[in-house]
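So the structure is just underneath, and the comments pick up after that.
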Amino acid sequence: MNMNIPLNATVYTQDGQVGHTTCIILNPINQTVTHFVLQRNELFGYQELIPVTLIKETTLDMILLHCSTLDLADLDPFNKSEFIGVNGAGSDFAANNLGHEIFA
């Protein structure tokens, strides 16, 4: 899957708006994006990992998922301490996306 995943973009499910993107998760071996982090609107401070396979469509400021809000309850939370920041550190993807918060 090759698509733009904008940061600070509004994220929608089939039910409506659920939050916004905060960072990108990168596979450090093959430098592909595997997930993005969703900051939920109604759950203050709660962030979860959204697999890119759930993305139906993106624009410069919006991501549409092909799932319901209820489906998001089954996804893993994002724990920043479990990832390593790779902003520009030896990664072509990271170097080309300066200003984005990227983790592996």
Problem - Members of region 43-88 found to be surrounded by fewer than 14 Cβ atoms within 10 Å (Cβ to Cβ), closer than 14 Å to T10 by Cα and in contact (Cβ under 8 Å) with a residue 12 or more places away in the chain, listed by number - result: T59, L60, D61
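Residue by residue, here is whether (1) over 15 Å from I102 (Cβ atoms); (2) among the small types (G, A, S) holds:
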{"site": "G16", "(1), (2)": "yes, yes"}
{"site": "T58", "(1), (2)": "yes, no"}
{"site": "L70", "(1), (2)": "yes, no"}
{"site": "L75", "(1), (2)": "yes, no"}
{"site": "F83", "(1), (2)": "no, no"}
Completion exercise
The residue that is farthest from E48 (Cα to Cα), considering only those in region 2-29 that are surrounded by fewer than 19 Cβ atoms within 10 Å (Cβ to Cβ) and of a type in the set (S, T, N, Q), is N2
Handout entry: Residues of region 20-52 that turn out to be over 11 Å from the mean Cα position of the chain (by Cα), over 16 Å from F83 (Cβ atoms) and of a type outside the set (A, V, I, L, M, F, W, C), as a count
Key = 6
Exercise for the section: Go over the candidates L70, L60 one by one and state the one that is farther than 24 Å from E42 by Cβ and at pLDDT 80 or above. Expected result: L60
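The values are calculated or read from the model by the stated rules, or taken from the named source; none is laboratory data. Remember, it's a predicted structure, so these values are computed and weren't measured experimentally. So basically every Cβ, Gly included, is an ideal-geometry build from the backbone, and we count neighbours across all protein chains shown.
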